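Remarks on the structure that follows.
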Amino acid sequence: MKKLIYSLLILMFLMVFINLTLRAQSQPQSQAIIKGMVFDQNGRPLPDVKIEVYNTRFQTQTNRRGLFTFKDIAPGKYCLIFSHPDYKSKSLEIIVPTQQAKLPAKLPAKLVKISLTAKNPILLTIKEEITVTAKADSIIDVSLPSHRTILPNSVLTELGTANIAQAVEKVPGVTMIGKGGYSMAPAIRGLAGHRLLLLVDGIRITSERRIGASGSLISLSDIDHLEINRGPYSVFYGSGAVGGVINIITRSPAPYSPLKGRFQFGYNTVNNEKAGSFNLSGSSGKYGFLLMTNGKKADDYSSPSGKIEQSHYSDYDLMFKMNRQGTNSLFYLTLFTYRGVDIGKPSPTSKLKPRWYPEERNTLLSFGYTLKNKISLDSLNASFYLLLPSLETKKENLSESLAVEKRNLAKIKGTNFGFKLRANKKLTSTHTLNIGFDYFGRRGVNDSNTEWKFDQEGHLTALTKETSLSEAARDNLGFYIDDKIKVSKSLTLNVGGRFDYIKTSNLSNAPHNLARSDQSLTGYVGSLFQLTPQLSFLVNAGRSFRFPTISELFYTGLTGRGTVFGNPDLKPEDGFNLDFGFRYLHQKFYASIYGFSNSISNMIQKYKGQEEEEYFYRNIAKGRINGLEGEFYWPLAKGWELFVNFHHIKGREKDSDQPLNYIPPSRLTLWTKFSPGKLWIEPRLTLTAAKKDPGPLEMKINGYTLLNLIIGYKINEKATILAIGRNLLNRTYRLSADEKGVDAPGRGLVFKIIYSF
């Protein structure tokens, strides 16, 4: 009996234990959520990062906004491992609190934010250059067979230059043109003077300067990266993209990102330049905000031959940006204002005939909306912008006693605006169709030229006012279509065409409106042969065009060089471009070499009149420019990198065989970078040949050797200091062969302090 009772008690105990165990297991466990965001070293969201929870089954990867989520994680201590092929892996220990179950369901158990550093920033930039679509305009695929160089903000910061033209000047095929000083403009492959298109976030920048837009209105600290695109881009952008496009991509705010800021202060000994910048960014959920402001002021710089008068400048700018990132949409808005004050125009006659820009203003408003995977399209983008530019030019004629004998002041302003529509659709696995419609307009372009004459006592003796532009206007409508065809695994073709209609008018002082209309049909075909996984061969042939600007047609008056006379009978330029080259991208090095031939009919050229400092425009029958350029990058060892680039360009007028203006002398640039730990040292050597065949508005110049040195030290994650030595050999040289050019700056040191929080 006792055995039976004991057996029943044991059975009852087992039944109760099993019941309690099953009930405990059926109770909901305290679960948690881990959410996070991964950034790159520049604070941009980083997609396709693999995240693993060590010693568990959990793993995921970041989406295109850099976000990731783990659900149903039990409270406890974990180690997250972050990995990406192009970035250094990183691990992070976190603790998920047990009390998380008591929190509302919408709150994550743990919010993780982490940044990864690129294994090799240069090769990563090159890789993105070849495989990633340009941010500013999704229609321009970098797999288009042409030469492109990308300069990220980290490189721009280290150059110690004052503006964009100076920053791109050592890129192969790119030089600066102009007399000297702050307002020089870039040229690509010897093509300048409105044959080079300057874009800010895809927006066309128009300048009333005859030399073209310099891009000095955008501070280098505001830029995320610069894209220098060589070759014919008229199919995508219309008039002006004959030689290529410089696309300035400014920094953008990111959603779901913390509040961040950066201060930057700099000083340049050669011209006493003092510069400062500040930016602040943050977000509220899907909305990202960014505020940037910059200012700099410089005196006349010193060259080995002495002080260069009228080389001073000062400017200030403010930019606000806002983005809203949806699952398949993006809204963006930019408001920007710039003011340049007392920008000098140096020349050999500056002492008795000084010229300068008393004031330059630019105000920009732009906004747009992008949709992904909607209305049967892969992407659809619509954008609009309004740009309000104004420029003042001043000149004085002084006596030997420096008394003013004559003073001239020219003012020009107008309203620029435009919109564009871009659509992209992958039709099949081998066809990707891109279409676009854009409109660029100008209204209310007016100028005024005032001249004062004085006697020896300084009394006003004569006052004259003239106007050559009165409510001048331009309308430019363009439509294009482009098809990217994957012929085979190793061959890709790009085929595109564009039609443009343009109308230009000017009331002037004539009894009737001066107006003209033009149209152009352009096209291109390009092929990219992937010969091996690393080696590719490209060929690109296309037509390009440029309509004369409003100033070239109708403006007569004062410029920074002299008095210019417009020509309403100018014909549009018509170009044919041929590019070919090889690119080799290896895991450890990159090499490329490109050849090109540009032929431009009805090339618009400025020439001197019989009177001193008078200039006119005319069409020449045809100009032809041929050349070679290349780039090479090789990490020699850990913390040691080598860079080489070069160009060799020739350009002549076909009928007369006379040299063209702006063709740069041959150049070879070498630099190496040593980065042992937090310190890096980067010597740069530039060898430039003499120019022995100057164009009509140029002079012969000697060759030169230029040595620059960059030394940087990263104090911690927040603070960096830079010391940049420029022209350390103190060479006397010219930045351009302009006949009224001046010597470049002599030896100088640039100091920078950068602090982020």
Item to complete: May I ask for the Rg/Rh ratio of the stretch 379-483, computed from Cα atoms with Rh as the Kirkwood radius, given to two decimals?
Response: 1.35
Worksheet item: Quick one: Karplus J couplings for the stretch 451-468, per residue in order, coefficients 6.51, -1.76, 1.60, θ = phi - 60°, nearest Hz, x for Gly and Pro?
Response: 10, 10, 10, 10, 8, 5, 8, x, 7, 5, 10, 7, 9, 10, 10, 9, 9, 10
Practice prompt. Could you tell me the distance between the Cα centroids of the stretch 623-655 and the stretch 417-477, to the nearest Å?
Written response: 34
Item to complete: Please list 183-193, 661-671, 473-483 highest first by mean number of surrounding beta-carbon atoms within 10 Å per residue.
Response: 183-193, 661-671, 473-483
Discussion item. Give the separation of the Cα centroids, the stretch 691-752 to the stretch 355-398, in Å.
Written reply: 30
Practice prompt. Amide H neighbours of Gln41 under 5 Å, at least 5 residues apart or on other chains, H built in the peptide plane: list them.
Written response: Leu116, Ala118
Worksheet entry | the chain - mean residue ellipticity at 222 nm from DSSP helices (-39,500 (n - 2.57) per run, n ≥ 4, rounded to 500) | -2000 deg cm²/dmol
Worksheet item: For all pairs of alpha-carbon atoms in the chain, what percent lies in each bin of width 10 Å, listed from the first bin to the last filled one?
Response: 2, 12, 22, 25, 18, 9, 4, 3, 2, 1, 1, 0, 0, 0, 0
Worksheet item: Which order do Phe545, Phe751 fall in if you start with the one that has the fewest other Cβ atoms within 10 Å?
Response: Phe751, Phe545
Worksheet item: How far is helix 2-26 tilted, in degrees, relative to the longest principal axis of the Cα atoms in the chain, given as a value from 0 to 90 rounded to the nearest 10?
Response: 10
Discussion item. Per residue of the stretch 482-489, what does 6.51 cos²θ - 1.76 cosθ + 1.60 with θ = phi - 60° give for ³J(HN,Hα)? Whole Hz please, x for Gly and Pro, Karplus curve as stated.
Written reply: 9, 10, 9, 10, 8, 5, 8, 4
Item to complete: Obtain the nm distance between the two label points defined at Leu259 and Lys465 by a simple spin-label model: each point lies 7 Å from its Cα along the Cα-to-C-beta direction.
Response: 5.2
Practice prompt. For a label point 7 Å from the Cα of Val404 along Cα→C-beta, name the residues of the stretch 344-359 whose backbone N is under 15 Å from it.
Written response: 352-359
Worksheet entry | Whole-Hz couplings from phi, Karplus 6.51/-1.76/1.60, listed for the stretch 523-528; x for Gly and Pro | x, 8, 9, x, 9, 10
Worksheet item: Over the chain, what relative contact order in percent results from Cα pairs under 8 Å that are six or more residues apart?
Response: 9
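Values quoted throughout were computed directly from the atomic coordinates according to the rules given, and no laboratory measurement underlies them. Please read all numbers here as calculations on a predicted model, not as lab measurements. Cβ: placed from backbone, ideal geometry, glycine included. Neighbour counts: every protein chain shown.
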